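The values are calculated or read from the model by the stated rules, or taken from the named source; none is laboratory data. Since the structure is predicted, the reported quantities are computational estimates derived from the model, not experimental observations. Ideal geometry is used to build each Cβ from the backbone, glycine not excepted, and the neighbour counts take in all protein chains shown. Areas reflect the complete protein model, heavy atoms only, side chains present, ligands, DNA and RNA absent. Shrake-Rupley method; radii C 1.70, N 1.55, O 1.52, S 1.80 Å.
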Amino acid sequence: MAARALAERLRTESGAALLLVGVTLLALVWANSPLSGWYEHLWELPIHVDVGDLRFDMDLHHWVNDGLMVLFFFVVGLEVRQELAIGSLRQRSSRLVPLVAGTLGVIVPALVFLAVAGHADPHGWGVVVGTDTAFLLGVLALVGPAMSSQLRVFLLTLSVVDDFLAVGIIGVVYSEEVRLAPLLVAVAALAVLWLLGRMREWRSSPYVLVVVVLWGATVQAGVHPSIAGMLAGLLVPAVATRRDDVLQAKSLFRDYWQSPSASVARNARVGLARSISVNHRLHDVLRGPVSLVVVPLFALANAGIDLRGGALGAALGSVITWGVVAGLVVGKLVGIGLGTWGAVRAGLGRLPDGVGPGSVLGGAALSGIGFTVSLLVVDLAFDGTPAGQAATVGILIAMVLSTLLGWTIFTVARVRYGEASADLPVTLSPAVDPDRDHAKGDVDAAHTVVEYLDFECPFCARATGMGAELREHFGDRVRYVVRHLPLRDVHPHAYLAAVAAEAAHRQGRFWEMHDALFAHQSRLEPDDLRGYAATLDLDLERFDADLTDEALHARVRADEASAAASGARGTPTFFLDGVRHRGPHDARTLIAALEANEDDPALRRRS
């Protein structure tokens with residue numbers, strides 16, 4: 001049980017950060033102990049792999065840096081593609097502020113390094129451009145605001161820009177002499193990845209095979225494979241889950257329930273895999289091994305510098321060390337801070353809801369944790385020279401100082417300016433009004449479930465049957481309430497459908513129209529809405545007039561404002577007894593959460 005608890009702890013972002021700290025300390029102790037010779041010999045161990053006429057001849061250190069670490073950058077590329085396709089970089093208003101901040105968070109640290117240490121070794125400016133995303137988010141979980149999901153999304157988006165630019169710099173500036181033939185093979189592999197995406201290939205094995213070929217070609221070409229990993233991840237398609245695919249998977253699982261055989265089980269596994277994009281499946285498979293094995297192994301191989309014999313004193317006296325410290329600690333804070341402020345002032349976008357300037361500066365300070373990317377550039381730029389030792393010491397000092405600076409800023413922001421969290425609201429606002437809200441169930445029911453819905457959303461409760469399961473389980477102990485949250489940017493018909501439901505309500509048929517709209521989600525044009533009204537025997541002349549009634553439009557907009565004030569940003573969003581539910585929203589999870597509320601009277605009847 002203790003081992004399982006430890007494993008679960010290490011899978012969290014804070015646990016992964018603590019693991020990296022522990023491995024870094026282990027590498028330092030090992031490299032400065034009587035067993036330091038073993039440390040050096042381990043990473044100098046030659047490993048030869050022959051594939052036909054091709055020979056991959058590298059020591060263990062380079063297999064880690066140039067081999068395993070391609071998985072790290074591949075996962076980063078997968079995350080970037082997700083953010084661009086369906087995440088926080090999808091909308092222009094959401095991506096411009098972190099785009100500007102992330103870009104200045106690369107440029108300013110490089111300029112700071114060159115100003116401090118450029119005369120000694122200008123080639124090392126790339127050490128300070130990157131941010132270790134995993135380490136940053138882990139430390140944020142340890143020292144940041146108690147609730148920081150919105151700040152986390154902002155910093156993740158910013159670090160996506162940072163990582164993309166840093167990997168590009170590594171691939172262009174720090175690659176060896178390029179060989180043309182294998183480079184053309186690498187380009188062809190990228191083209192094949194693009195074609196696989198265009199063909200909507202759902203199996204992961206073709207992508208994995210092509211990525212392996214791409215890695216081998218870039219190594220043979222003399223291009224650092226980090227850029228290959230990033231580009232490969234960007235080309236693996238990420239799409240939102242479609243309800244039709246989920247229903248198909250559900251049908252296949254029903255077949256297995258009725259006829260549990262190996263062939264039917266195989267069909268069910270295939271159907272389940274096809275319902276989730278290959279990007280998300282690969283990311284889910286690789287994220288754990290990369291954070292728990294690949295990155296710690298990289299830290300073990302690169303953080304162990306011998307500081308004996310005056311080496312530490314020499315490093316502390318080196319301008320390279322302090323150029324790295326200044327670039328990461330000061331440059332990141334100033335660059336990201338100025339970039340965010342300038343982008344907001346220029347009207348390019350705004351900060352996420354709940355995120356104040358103190359939280360942004362605290363996150364900017366934590367961005368000075370370069371670690372993984374910085375250590376990789378040290379290996380490329382300095383290749384084991386005393387300057388490389390000095391730069392590594394600077395990275396470790398910057399990691400400590402950035403953490404302390406971020407913690408200090410977060411503390412001041414909380415105590416002085418009241419920024420106790422960097423998250424969306426969690427309390428339903430306004431509370432349920434029986435005279436206004438659409439509800440099923442007794443006003444005195446033990447539990448109230450409020451759903452913000454969108455009639456084009458394929459996963460809202462009426463479409464999934466979740467609401468019926470809640471009522472079946474709790475009976476008259478639960479009251480079910482719906483409010484409108486039409487996602488106008490992705491569901492163009494949802495707003496008018498919400499108005500149509502309110503028009504039906506004026507004739508006492510809200511729930512009937514509610515069911516009709518969900519039953520025909522793909523047909524919500526004005527003529528379709530009128531047809532459903534006719535089927536429900538509504539007064540069509542009155543229905544047509546109500547569709548243009550400003551009072552009903554104001555009613556829907558009031559629900560949208562309520563969603564914003566309550567922290568609902570997507571559909572479906574549920575509030576259980578007045579508190580926003582976070583996490584999976586299947587019926588079993590919601591039932592368990594409501595039953596847990598029964599043991600805590602303070603959480604009950606808050607709506």
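Open to solvent by less than 20 Å² (accessible area, probe 1.4 Å) and assigned to a loop (DSSP other than H, G, I, E, B): does that describe Pro486? Spelling it out, Pro486 is indeed open to solvent by less than 20 Å² (accessible area, probe 1.4 Å) and assigned to a loop (DSSP other than H, G, I, E, B). Right, Thr157: open to solvent by less than 60 Å² (accessible area, probe 1.4 Å), at pLDDT below 85, touching a helix residue (DSSP H, G or I) at 6+ places or on another chain (Cβ under 6 Å) and hydroxyl-bearing (Ser, Thr, Tyr) or not? Yes: the conditions hold for Thr157. Given Ser402, Ser374, Ser429, which one is open to solvent by 20 Å² or more (accessible area, probe 1.4 Å), touching a residue at least 60 places away in the same chain (Cβ under 8 Å) and either closer than 30 Å to Leu307 by Cβ or small (Gly, Ala, Ser) (or both)? Being open to solvent by 20 Å² or more (accessible area, probe 1.4 Å), touching a residue at least 60 places away in the same chain (Cβ under 8 Å) and either closer than 30 Å to Leu307 by Cβ or small (Gly, Ala, Ser) (or both) holds for just one of Ser402, Ser374, Ser429, which is Ser429.
Against the conditions (1) buried (at least 18 other Cβ atoms within 10 Å of the Cβ); (2) part of a loop (DSSP other than H, G, I, E, B); (3) of a type outside the set (Gly, Ala, Ser), Val167 satisfies every one except (2). For the subset of segment 193-246 comprising residues that are in contact with a Pro (Cβ under 9 Å, 6 or more places away or on another chain) and of a type in the set (D, E, K, R), which member is most open to solvent (accessible area, probe 1.4 Å)? Restricting to residues being in contact with a Pro (Cβ under 9 Å, 6 or more places away or on another chain) and of a type in the set (D, E, K, R), the top hit is Arg200. Considering segment 1-114, the qualifying helices (runs of 4 or more DSSP H), each wholly inside and each with 2 or more residues that are loosely packed, with under 12 Cβ neighbours inside 10 Å and free of Cβ contacts under 8 Å to residues at least 24 places away in the same chain, run over 2-10, 36-43.
For segment 505-545, residues that are in contact with a Lys or Arg (Cβ under 8 Å, 6 or more places away or on another chain) and more than 20 Å from Asp454 (Cα to Cα) total 7.
Being farther than 20 Å from Thr411 by Cα, without any contact (Cβ under 8 Å) to a residue 24 or more places away in the chain and out of contact with any Cys (no Cβ under 9 Å at 6 or more places or on another chain) is the requirement here; does Gly317 meet it? Here the answer is yes, as Gly317 does meet what is asked. Within segment 312-335, the set of residues being of a type in the set (A, V, I, L, M, F, W, C), open to solvent by 20 Å² or more (accessible area, probe 1.4 Å) and more than 32 Å from the chain's Cα centre (by Cα) comprises Leu312, Ala314, Leu316, Val319, Trp322. Residues being out of contact with any Leu (no Cβ under 7 Å at 6 or more places or on another chain) and modelled with pLDDT of 95 or more are entirely absent from segment 577-593. Of all residues in segment 457-467, how many are out of contact with any Pro (no Cβ under 8 Å at 6 or more places or on another chain) and open to solvent by 40 Å² or more (accessible area, probe 1.4 Å)? The qualifying residues number 2. Taking segment 197-220, which residues are touching a residue at least 24 places away in the same chain (Cβ under 8 Å), of a type in the set (D, E, K, R) and at negative phi? Selection gives Glu201, Arg203. Listed conditions (1) open to solvent by less than 30 Å² (accessible area, probe 1.4 Å); (2) closer than 17 Å to Val76 by Cβ are all met by Ala186, apart from (2).
Selection over segment 336-369 of residues that are under 23 Å from Gly418 (Cβ atoms), among the small types (Gly, Ala, Ser) and open to solvent by 40 Å² or more (accessible area, probe 1.4 Å) gives a count of 1.
Residue pairs whose Cβ atoms lie under 7 Å apart, separated by 6 or more positions or on different chains, with the first residue in segment 274-299 and more than 25 Å from Leu20 (Cα to Cα) and touching a residue at least 12 places away in the same chain (Cβ under 8 Å) and the second part of a helix (DSSP H, G or I) and open to solvent by less than 10 Å² (accessible area, probe 1.4 Å), are Ser275/Ala249; Val278/Tyr207; Asn279/Leu78. Across segment 406-439, the qualifying residues are those that are assigned to a helix (DSSP H, G or I) and of a type in the set (Ser, Thr, Tyr), and the one among them that is farthest from Phe575 (Cα to Cα) is Thr408.
Count of segment 277-291 residues, restricted to those that are touching a Phe, Trp or Tyr at 6+ places or on another chain (Cβ under 8 Å) and either open to solvent by 20 Å² or more (accessible area, probe 1.4 Å) or more than 15 Å from Leu235 (Cβ to Cβ) (or both), is 2.
Within segment 117-137, residues that are without any contact (Cβ under 8 Å) to a residue 60 or more places away in the chain have Cβ atoms under 6 Å from residues that are surrounded by 24 or more Cβ atoms within 10 Å (Cβ to Cβ) and polar (S, T, N, Q) in these pairs: Thr133/Ser159, counting only partners at least 6 apart in sequence or on another chain. The residue that is most open to solvent (accessible area, probe 1.4 Å), counting only those in segment 468-483 that are in contact (Cβ under 8 Å) with a residue 24 or more places away in the chain and in a helix (DSSP H, G or I), is Asp476.
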